[in-house]
Amino acid sequence: MADTVLYEVSDGLATITLNRPGAMNALDTVTKVALRDAAEEAAADGGVRAVLLTAAGDRAFCVGQDLKEHVATLAASRAAGDGGSMRTVRDHYNPILRALTGMAKPVVAGVNGVAAGAGFGFALAADVRVVADTATFTTAFAGVALSADSGLSWTLPRVVGPGRAADLLLLPRPITAGEAHDWGIATRVVPAADLAAEARRVARELAGGPTLAYAALKESLAYAQSHTLAQALEKEDELQSRAGASEDHAGAVAAFVDKRRPRFLGR
C-alpha cells in the first residue's frame, strides 16, 4: 500500500489515515487506489470490528480530487478523445463509497480540517463523524463545473434534506463545524486539539461493542431508506432474529441480570 495512505489494525480497530498533509490530503491516483484497497481490506477482514478514517496534518481532512494531476489527465483524455479523465468515479470513488457504507462494521470519520468534494463524501459515508471545531465542509463540485460524486447525491439529502442539499451543491460554500453539527453533518464537535484522541476513543468503543448488532443496525437503516414501512418491519424481524441468536446478546442479557458490565466478543 502506498505511503500516502497508512493502514494499521490494533485490537479490532483498523485505522486508515490519508497521509498527504502537504497537499491537504488531495486525492491523486496513487492515493485513491491505496484508499480503495485499504477500505476493501478493512471490510473483508473478520478481525476488524470498527474502522477509523482520519487524516494527517491539521489543515485538511481531504480536499477532494488533486486538480494538479487532473489537469494533465484531462488534457490527455481530450487529446485521445476517450473521456478517460472521469473514469476515476467508477474505478476509485464508487468502490471506496461502497466499502465504507456497506461494510458490516461501524466507521468513524475523524474530520480534522477542510472536507471538500470527495473528502466531504467520504466523511458522510461514515456512520459517526467526530469533527474538529476548526473544520469546514464544502461540496466544491459546481465551482469546477462538475456534478456530484463520492456518494454525495445520495448521502447529503438524507442528512440535511433535499432542499438544503441542492443549495449546498449548486452554491458551494464553506460550512462551519457549528453549522455542520446543527444540520446533522457532524455527529459531535470537539476542540481541534482533542480531535485525534476523541475520534480514536469513539472508534475503540465501537470496536469493543456488539459487532453483529452494529452490522444489523447499519443494514436496517440502509434498507429502510428505500423501502416501505411494511417492508422495513419485515427486515427488522429478520435482523432482530439474527442478532438475538448471537453470543453477544446472550452474554449481555446475563450481564444485565447479574448487574455487571457486558463484555462483547463480536459474535
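Read the figures in this text as sums done on the coordinates, not as results from a lab. All values reported here derive from a predicted model rather than from experimental measurement. All Cβ positions, glycine included, derive from the backbone under ideal geometry; neighbour counts span all protein chains shown.
Of the residues ALA254, PHE122, ALA72, the one whose Cα sits farthest towards the positive end of the charge dipole of the chain is ALA254 (charges of +1 on Lys and Arg Cβ, -1 on Asp and Glu Cβ, taken about the Cα centre).
Is the range 55-210 rounded, prolate or oblate when judged by the Cα gyration tensor, a ≥ b ≥ c being the square roots of its eigenvalues, rounded requiring a/c under 1.5 and prolate requiring a/b larger than b/c? Prolate, since a/c reaches 1.5 and a/b exceeds b/c. Legend: ranking of residues VAL111, VAL9, VAL257, VAL33 from fewest to most surrounding C-beta atoms inside 10 Å; resulting order VAL257, VAL9, VAL33, VAL111. Ordering SER220, VAL63, VAL189 by Cα displacement along the dipole of the chain toward the positive end leaves VAL189 in first place; charges were set at the Cβ atoms of Lys, Arg (+1) and Asp, Glu (-1).
Sorted from greatest to least, the principal axis extents spanned by the alpha carbons of the chain come out as 68, 41, 36 Å. When +1 charges are put on Lys and Arg Cβ atoms and -1 charges on Asp and Glu Cβ atoms, the dipole computed for the range 12-125 relative to its Cα centre reaches about 180 debye. Taken about its Cα centre, the range 211-257 carries a charge dipole of roughly 100 debye when the Cβ of each Lys and Arg holds +1 and the Cβ of each Asp and Glu holds -1.
Of all the options ALA192, ALA207, ALA254, the one that moves most in a Gaussian network model of the chain with Cα springs shorter than 10 angstrom is ALA254. Charging the Cβ of each Asp and Glu at -1 and of each Lys and Arg at +1, and nothing else, the dipole of the chain about its Cα centre rounds to 180 debye. Put a dot 7 Å past the Cα of GLN240, heading toward its Cβ, do the same for ASP194, and the two dots end up 3.6 nm apart. Rounded if a/c is under 1.5, else prolate if a/b beats b/c, else oblate: with a ≥ b ≥ c from the C-alpha gyration tensor eigenvalues square-rooted, which is the range 78-156? Taking the square roots of the gyration eigenvalues as a ≥ b ≥ c, the range 78-156 is oblate. Here ALA142 and ARG267 are evaluated by their C-beta separation; at R0 = 41 Å the FRET efficiency comes out at 0.35. Sorting 152-160, 234-242 by their mean Cβ neighbour count within 10 Å, with the most densely packed peptide first, gives 152-160, 234-242.
Listed by chain and number, the lysines whose C-alpha is less than 20 Å from the C-alpha of LYS105, apart from same-chain residues fewer than 8 away, are LYS218, LYS235. Across the options LEU168, THR136, MET103, the greatest Cα extent toward the positive end of the charge dipole of the range 75-190 (unit charges at beta carbon of Lys, Arg, Asp, Glu) belongs to MET103.
May I have the pair-distance distribution P(r) for the range 133-267, computed from all Cα-Cα distances with 10 Å bins from 0 and rounded to whole percent? For the range 133-267, the binned pair fractions read 10, 26, 29, 25, 9, 1, 0 percent.
Under 25 Å between alpha carbons, and skipping anything fewer than 8 positions from LYS68 in its own chain: which lysines qualify? Hits, sequence-local ones excluded: LYS32.
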